Amino acid sequence: MAVETTHDALSRPIPERIALVEVGPLRFRGGVSPGPPTRTYGGEVAAQSVLAAYRTVSADRDIHAAHMHFLLPGDTTVPVEFEVEESRDGRSFSSRHVRASQAGRVIFTMTASFQRPEKGLEHQVPRLDAPRPETLPTPEEMFADDTENLEWVRWLTDSIDVDARFPMLPARSSAARGHRVDPRQSVWLRSRRRVGTTSADRNAALAYISDLLLLSAALGPHQLTLQGGELQFATVSHSIWFHAPLSVEDWFLYEQDSRWAGSSRALCRGEMFDGTGRLCATTMQEGLIRVRS
């Protein structure tokens, strides 16, 4: 999904962008963005849906999985209405279904599952394998001689209100330079301002950022960018598995790759590690990537 680009929108912190107002039983409403209409950033609707679902479960349960479908593009100047269905409350798990609508049309749906804390078997196969963000160049240093990519990175990070450090050249930057690379990329990220202290705040902010760059990981072998005008693109579905608490206010690594593309679609995977190397979340995203004729 597209990101906000107006000056007023760029100044807004993440909690303000995803804030909700309760308007009735199991019903919530998001705000609108300043400036002219544009497509809503997918992570914004995802984060608001996570917050809406959290407000309907008991405080002893945290989200562990969310599966989302983007049905229609959102309009940043029209409020989004969120309706939550209490699908099930068991002794250990709670399930919720969220529908997001604008002007009477459903634009997004999410099913989410929450769980009471439990002890169990533990392991993780992937490991953090990247230089620390403090040792990496800033975007201004990395793209000092590349005005086009520097402007893109500034637009991207300002739009989402995050800082970024790249252990490797992002797929978009390689494509802009005419290079073919493997369909993988990684980036250290952190929010520029506080996002809140509760599990709901933390996990909604994670959902907000989880949409960032993920679909572009598929473009490395194809020498194309999402901004070049050659492609029609949109997120179709997005899933997040929440493994462990992650504070996006601290640097975390987002590893991304694409194992498959075809039929004008691409499937991308992401893994989020905190600074200690703990795997905190896994994401999967399928998106439309159609070459314009």
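The values are calculated or read from the model by the stated rules, or taken from the named source; none is laboratory data. These figures come from a predicted structure and were not determined experimentally. We place every Cβ from the backbone using ideal geometry, glycine too, and count neighbours over all the protein chains shown. These area figures cover heavy atoms from the full protein model, side chains too; ligands, DNA and RNA do not enter into them. Shrake-Rupley method; radii C 1.70, N 1.55, O 1.52, S 1.80 Å.
Couple of notes before you dig in:
- Neighbour net charge for Phe143 - beta-carbon separation under 15 angstrom, K R +1, D E -1: -4
- Ellipticity estimate at 222 nm from DSSP helix runs (n ≥ 4, -39,500 (n - 2.57)) divided over the chain, nearest 500: -5500 deg cm²/dmol
- Dipole of the range 87-179, positive end: most advanced residue of Trp155, Gly120, Ser92 [Cβ charges, Cα centre]: Ser92
- Taking a sphere under 15 Å around the Cβ of Asp89 and counting the other residues whose Cβ falls inside, with K and R at +1 and D and E at -1, yields a net charge of +2.
- The H on the amide N of Leu128, modeled in the peptide plane, is under 5 Å from the matching H of no residue at least 5 residues off or on a different chain.
- Taking all protein chains as they are arranged and a probe of 1.4 Å, the heavy atoms of Glu286 leave approximately 50 Å² accessible to solvent.
- When the Cα convex hull of the range 1-140 is projected onto planes of every orientation, the mean area is 11.7 nm².
- Peptides 261-271, 195-205, 133-143 ordered by average Cβ neighbours within 10 Å, highest first: 195-205, 261-271, 133-143
- The chain - accessible surface per residue (Å², probe 1.4 Å): 46 Å²
- Surrounding net charge for Gly178, when Lys and Arg each add one and Asp and Glu each subtract one, Cβ distance under 13 Å: +1
- Debye log10 I(q)/I(0) at q = 0.11, 0.24 Å⁻¹ for the range 82-188, Cα point scatterers: -0.68, -1.23
- Candidates Trp155, Trp260, Trp241: whichever shows maximal mean-square fluctuation once the chain is modelled as a Gaussian network with Cα springs under 10 Å: Trp260
- Summary value for the chain: 18 percent relative contact order, contacts being C-alpha pairs under 8 angstrom separated by 6+ residues.
- Prolate/oblate/rounded call for the range 208-284, Cα gyration tensor, a/c under 1.5 rounded: prolate
- For the range 94-106, backbone phi angles converted through the Karplus equation (6.51, -1.76, 1.60; θ = phi - 60°) give residue-by-residue couplings of 10, 10, 9, 10, 10, 10, 10, 10, 10, 6, x, 10, 6 Hz, Gly and Pro being listed as x.
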